[in-house]
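**Student:** Please read through the structure below; I'll follow up with questions.
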């Protein structure tokens, strides 16, 4: 495997299978000693064809697919999807439903950031912090199970509102959990600022300056750590965020330590938002009835996922199935900067640099066909059919006698 | 003759070393787990791991040098076992000792590291190559402060034998206080020697899978792991013999005291492991040369001055 060239460089494969990667992706790191001189990133090992699958199911069935785009931030995807369809159908969800969406979204942000902190600690060999944060994450998951009925895919969103109401005892449990968690998160913030081995491993690693962050178009905590105050909850408030005060957390370090601090401070901010929602949640219905057929149109719906800006594009054609669903998960925007962050750094910093964008591989993966030739052509149905017959003839199968017309398909 | 053979093979020799190494591994893992809010393994886990590895298939990479690949774990384990004979366990004196056995012990201590380097190098894998280069780089960083810290107390004891130093310091316990800087230097450098966090970059799981030994499996890996556990016991015993030489004169009580001292050293090493993140290898080298080596040099100067004062 080690290909040593004349300039004494080693190509180190990190992935597709590697202990530091939680999902498959390929990083071919060219090393000169311990220094990274080149990094080639390959994603696409986890493509599931969700967008295409959405086109052959109706809007309610699609909700279950969209919920499973990401295992960590499933709520933000279903929120973006539901919001889009509600806009197309001209529905206004009840305020109580909007508040419940915000509460679940912030609980999700808490558990996602705690999970990230643990993974990041593990990447730099600090397993004690890993175990501590995942222990605290359990508290959030317990609350999510109590509120939604599920720990991971919450299944609380529906087109036109939410599916389950919260009662007084649940709200009390949430605020109890928030109080307990706040002390822990303050301790982690203190740890990130003062623990020497943490700061020497994180400071100055994976730099992405303000200009580079704009150039690569990164989003979420990666952009905010470079000083870009970009937060969809503030710039384009959705659900109940127009009433809830949100302070975007920014930092000027522009490195992994900055990203860590931004995420920890965001957790404190999430706790404040949850407390505000618990105090101010209005009474009323939790859902309005949604039509099965959605009028034709197209919509872009944006939410702030724990990892950054999440965009859904939906085009409807008046039937009960969407014409096109496009999911742009935040990791897809953040990938662009990774190569720049890795090059010039040390091999030891590669795992933490990759982890610092909080990558979500399967949300990002999509099928891309790279045509090495320059030939492009538009095929109509007949020529496509002829092409297929010729292709099968080459394989030894004669399908020319089969009578198939385009009408049977549409 | 028979008694000496029993001493070398059974107690306090090889068999005791093997059993105690597993006990230490268990205590290390259990305490580490409890510090992390986990349950930790059951008491038989190290033995179960060892037996399981013995029964597993041993895979030797096609590109590897077969003979070296197979013989290195054995050399590593035998070097550690051989050096344990010169470290006092029962009653303050080792099974064998002679003037200068400290040098032999330190020499033997280097062999497992070299074996792990060669094992990684001869595996020809890319992860193991990087891991073995890191092993060697790290060795050049901790070796000097570790040796200086262990040799400094011998300047006052005026002997190069571990047993001699232990008995000198047990007769003059107050001199131990002089060597406190060397004690901490040896603990930290020993952590580097054992490749434990924060100095575990040679086997950094998240970067290079498991470093030099990544291609090892089955029986060969079991022997390598055994030799690492024994190394842990050896370092703990050596540090406690030189820096914590308190003895009562009663054999059984001294043995209990030996266990208590080595476990205390082990607990400090475990605490260090659980409280810190992994340093990069360049940061580790910097740390050793910038802080540990000067500390050891100051210790030697201090010991030389006191030795001069004693002579007068």
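Coordinate-derived values only; no laboratory data. Source: prediction; values computed, not measured. All Cβ positions, even for glycine, are placed from backbone atoms using ideal geometry, and neighbour counts span all protein chains on display.
**Student:** Please state, to two decimals, what the Cα-based radius of gyration of the range B:1-143 comes to when divided by 2.2 N^0.38 Å (N = residues).
**Tutor:** 1.23
**Student:** What's the whole-number percent of alpha carbon pairs in the range A:277-388 lying beyond 21 angstrom? Please report the intermediate quantities before stating the final value.
**Tutor:** Working: 4185 of 6216 pairs.
Here the tail beyond 21 Å accounts for 67 percent of pairs.
**Student:** Using only alpha-carbon positions, what ratio does the radius of gyration of the range B:59-204 give when scaled by 2.2 N^0.38 Å?
**Tutor:** My calculation over the Cα atoms of the range B:59-204 gives 1.20.
**Student:** Given Cα positions, please report Rg to Rh for the range B:59-311, the hydrodynamic radius being the Kirkwood one.
**Tutor:** Values: Rg = 18.5 Å, Rh = 18.7 Å.
So for the range B:59-311, dividing Rg by the Kirkwood Rh gives 0.99.
**Student:** Specify the angular offset, from 0 to 90 degrees and rounded to the nearest 10, of the alpha carbon long axis of helix B:14-35 from the longest principal axis of the alpha carbons in chain B.
**Tutor:** Roughly 80 degrees, rounded to the nearest 10.
**Student:** Counting other beta carbons within 10 Å of each residue's own, what order do A:376, B:113 fall into, fewest first? Walk me through the numbers on the way to the answer.
**Tutor:** Details: A:376 6, B:113 23.
Fewest-to-most Cβ neighbours within 10 Å comes out as A:376, B:113.
**Student:** As a test of the formula, what do you get for chain B when each DSSP H run with n ≥ 4 contributes -39,500 (n - 2.57) and the sum is divided by the residue count, at 222 nm and rounded to the nearest 500 deg cm²/dmol?
**Tutor:** Value at 222 nm, helices only: -23500 deg cm²/dmol.
**Student:** Determine the distance separating the Cα centre of the range B:149-167 from the Cα centre of the range B:104-138; give it in Å without decimals.
**Tutor:** Taking the Cα centre of each part, the range B:149-167 and the range B:104-138 sit 29 Å apart.
**Student:** With just the Cα atoms defining each centre, how far is the range B:241-312 from the range A:240-308? Give it in Å.
**Tutor:** 53 Å
**Student:** Just tell me how shielded B:197-207 is by partners: mean number of partner chain Cβ atoms within 10 Å of each residue's Cβ, no decimals.
**Tutor:** Working: counts 6, 7, 1, 1, 4, 0, 1, 8, 8, 15, 16.
The shielding value for this peptide is 6.
**Student:** Under a plain spin-label model, where a point goes 7 Å from the Cα along Cα-to-Cβ, how far apart in nm are residue A:190 and residue A:313?
**Tutor:** 4.9 nm
**Student:** Another question, if that's okay. With each pseudo-label sitting 7 Å past Cα toward Cβ, what's the residue A:17-residue A:275 distance in nm, one decimal?
**Tutor:** 4.8 nm
**Student:** Let me ask something additional. Output the 0 to 90 degree angle, nearest 10, between the alpha-carbon long axis of helix B:180-193 and the longest principal axis computed from the alpha carbons of chain B.
**Tutor:** Helix B:180-193 and the main axis of chain B meet at about 10 degrees.
**Student:** Percent of Cα-Cα pairs per 10 Å bin, from 0 to the last occupied bin, for the range A:128-249, please list those.
**Tutor:** Over the range A:128-249, the share of Cα pairs per 10 Å bin runs 10, 24, 37, 23, 5 percent.
**Student:** Just how many % of Cα pairs in the range A:91-147 lie over 12 Å apart, if you round to the nearest whole percent? Write down the numbers at each step before the final one.
**Tutor:** Values: 1071 of 1596 pairs.
I get 67 percent for the Cα pairs in the range A:91-147 exceeding 12 Å.
**Student:** On average, how many beta carbons from a partner chain sit within 10 Å of the beta carbon of a residue in A:58-65?
**Tutor:** Average neighbour count from other chains, rounded to a whole number: 0.
**Student:** Per DSSP H run of n ≥ 4, the term is -39500 (n - 2.57); total these for chain A, divide by its residue number, and report the mean residue ellipticity at 222 nm rounded to 500 deg cm²/dmol.
**Tutor:** Working: 15 runs with 196 residues, N = 410.
It lands at -15000 deg cm²/dmol.
**Student:** Determine, from the Cβ-Cβ distance of residue A:383 and residue A:152 and an R0 of 56 Å, the FRET efficiency 1/(1 + (r/R0)^6), rounded to the nearest 0.05.
**Tutor:** On the way: r = 46 Å, r/R0 = 0.83.
Efficiency, from the Cβ-Cβ distance: 0.75.
**Student:** From the square roots a ≥ b ≥ c of the eigenvalues of the alpha-carbon gyration tensor of the range A:8-144, which class results: rounded (a/c under 1.5), prolate (a/b over b/c), or oblate?
**Tutor:** Judged from the Cα gyration tensor, the range A:8-144 comes out oblate (a/c at least 1.5, b/c at or above a/b).
**Student:** Test of understanding: ordering A:256, A:327 by Cβ neighbours within 10 Å, fewest first, what list do you get?
**Tutor:** Ordered by Cβ neighbours within 10 Å, fewest first: A:327, A:256.
**Student:** For the range B:14-97, just say rounded, prolate or oblate: build the C-alpha gyration tensor, square-root its eigenvalues into a ≥ b ≥ c, call rounded for a/c under 1.5, and beyond that prolate if a/b exceeds b/c, oblate if not.
**Tutor:** Oblate, because a/c is 1.5 or more while a/b does not exceed b/c.
**Student:** With the cut-off at 31 Å, report for the range A:50-333 the share of all Cα pairs above it, as a whole percent.
**Tutor:** So the portion of pairs separated by more than 31 Å is 27 percent.
**Student:** On average, how much area does the Cα convex hull of the protein assembly as shown cover when viewed from any direction, in nm²? Display every interim value, and only then the final one.
**Tutor:** Values: hull surface 163.8 nm².
Result: a mean projected hull area of 40.9 nm².
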